[in-house]
Every structure is written in structure tokens, then in C-alpha cells.
Amino acid sequence: MANQTEHGEEFLQEPIHAISIIIPCKNEENAIEMTIRNIQEAMDQTDIDYEIIAVDDGSTDRTRILALEAKARVLVHQINLGYGNAIMDGIRVSRFPTIAIMDADGTYPANLLPMLIRNLSCYDMVVGQRTWTPDNTSLLGRFFRRALYYTILLLSGIKCPDFNSGFRVFHKYNLLDYRAILCPTFSFTTTLTVLFLQTHHSVFFTPIDYAKRVGRSKVNYFKDAFRTFAFVFAITSVFRPYRINLLLMILGVIFNALIILASHQFTIGGGMQVGLHLLVSIPLLITSFSIDSFINSRIYHKEISKFSETKL
């Protein structure tokens, strides 16, 4: 039945009838069972058919056993393949075309999942926008989130209240073709948000409470931040290449102009001047070629994957 207002008018959008809920997890034995039970309690109050898929990403504790006992479907990675790969593999084995993702550490309110699903009837993706407090975030975390925000704003012009929330629902057909350029590790959600906004999909952010996690965080801010910036840079290069080229050109002009000014101020010789110009220009050229190679390799990987799936 189509959606209707209280006065009987019909919308073309159909309500969501079924959803696959994916929980990527690694060593979450202290929270996985509670997370699954909370999801079940929330979803059992709706008329939506659902499945819960726990993707055990190389756990060394009892995570997978407890997930099975809680009646989740469990996909096991014998070695750690990363947060993004865990989600994408969960999507690969999912039964339904609509996907929800949620962390296993008790930080997200499962009782709000039905609300996110209802909103998805009118959007391509609905994201739980976290409310930050001193109890659920650190000074280092705030710094990296702010740095990420301004980096993405500079590279793509996109403003977003929460790029990397791990609590969201979406239609899987909107991202399957883009696996090759989505970050396979911690920053999967960040690159997914950037991808949807870059490709003009509709994304709705709804505020949610964000609790202190159960157990120890597995985020390595410095390593994960570097990988995040690299993938955001790459995605922006695919969909907004003129911004990257313009940025590199502006940097080249500024640095070379500074060298010329410095050479007049400090009487730098011609040979030294040429060396400085090369020292500035070569890294920018290497960056440009690296981006192009990354994009081409990812596109090639995507085409090979599609060919292999066809053959299988």
C-alpha cells in the first residue's frame, strides 16, 4: 500500500517492508549480545521484516558465538579485513535491498532504528547525526573531526553535520558499483557520505544521542585520519577533478611566486632559483599523477570485479 497522509492523499514513495541490519564487529563480546537484543526489541515493534547480520572481522574472543546465540546471522572473517570490508561483505550476503548499519559497541540508540527506516522512504540515505558531549568524545577526536570537515569542504565544497556516523540506513543499489573507491577500513562511512553527496543523492541527517562505548576503541586517529584524507581526496578527484586541479595550480602559483619574491629579497642565484622551483613543482606533479593512477586503478578494479561476477 502506498504511503498516505492523514487525509488520504497518496505519495509515490513506498514504505520500507524489509531491511538487512549489518553489525561489523571485532572483539565486542561485552556488547554484541546487548546490541542484537536491543535491535530485536526495537524491530519487533514494527511490521518490517528484518535480518541481523553480524560480521565478525577477525575477533579473538567470543563475539561470533554470542552473536549466534542471540539469533543473528554471522559472517566470519578469519583475519581482520577492516570495517569497510566487513560492511560490504555483509551487504553481499544480505537478503534485502535496504541496508542499515550499526556499531556493536553500545554507542548508538537501537530504539531509533525504526524512525530512520521510516524516513528512508523519502531519501537515498538517512544518517544518525551524533550529539557530542565531553563523556563520548576526546579532544583528539574533536580535532580530527574538525580537520576532516574543513578538508572535505575545501576539496568538494560539501558541508555536512556528521560525515562518519556509523548509524545509518540506505538502499544498497546506490553504492554497489562504487566499492572500489570506498575506504575498506574505519573511514568507510566517511567516504560513503562524501560519495552520496558528490553524486547528488538525497541524504537526511537526524540528531541522535551517542553513548560512551562499551570496551576499548579500536580507532587509530593518526593512521585512520591519513587513510581517510587519501580516500576523500581520491573520491573528490573522481567527481570534482577541476577542484583538485585548480587547488594544485593555485598552490604551484603561490609557492613559485614566493620563490621569486624571496630571490629578489635575498639575492638568490639563478641555479638555486631553478632548483627551488623544481623542488616545489615536482611534488605537485607527482601528486597529480598519483591521483590519476589511483583513479584509473580503481576503475580498472571495478570493471574486473564486474566481469568476474558476470562469469561466476
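Only the coordinates and a few stated rules stand behind these numbers; no lab work does. What you are looking at is a predicted structure, and each value in this text was computed from that prediction instead of being measured. Methodologically, a virtual Cβ is constructed for each residue, glycine included, from the backbone with ideal geometry; neighbour enumeration extends over all protein chains shown.
Brief remarks follow.
- Note that the stretch 160-223 shows a convex hull volume over its alpha carbon atoms of 121 Å³ per residue.
- For the stretch 22-92, the fraction of C-alpha pairs more than 16 angstrom apart is 42%.
- Inter-label distance, nm, simple model (7 Å from Cα along the C-beta direction), LEU153/VAL93: 4.2 nm
- Between THR131 and ARG216, the C-beta separation translates, for a Förster distance of 22 Å, into a calculated FRET efficiency of about 0.50.
- Net lengthening on full extension, PHE226/ILE254 (0.36 nm per residue, minus Cα-Cα): 7.6 nm
- Mean separation of Cα contacts under 8 Å (6+ apart) over length of the stretch 1-148, as relative contact order %: 29 percent
- From the alpha carbon centroid of the stretch 108-125 to that of the stretch 161-175 is 11 Å.
- Sparse packing (at most 13 other Cβ atoms within 10 Å of the Cβ) combined with a DSSP loop state is found for the following chymotrypsin sites (Phe, Trp or Tyr not before Pro) in the stretch 56-150: TRP132.
- Take each peptide in 88-100, 46-58, 67-79, 15-27, count the other Cβ atoms within 10 Å of every residue, and average; sorted highest first, the result is 15-27, 46-58, 88-100, 67-79.
- Contact order normalised by residue count of the stretch 18-238, Cα under 8 Å, 6+ apart, percent: 25 percent
- Applying 1/(1 + (r/R0)^6) with r as the Cβ-Cβ distance of GLU69 and ASN174 and R0 = 35 angstrom yields a FRET efficiency of 0.55.
- Take the Cβ atoms of ASP209 and VAL280, set R0 to 45 Å, and the FRET efficiency comes out at 0.40.
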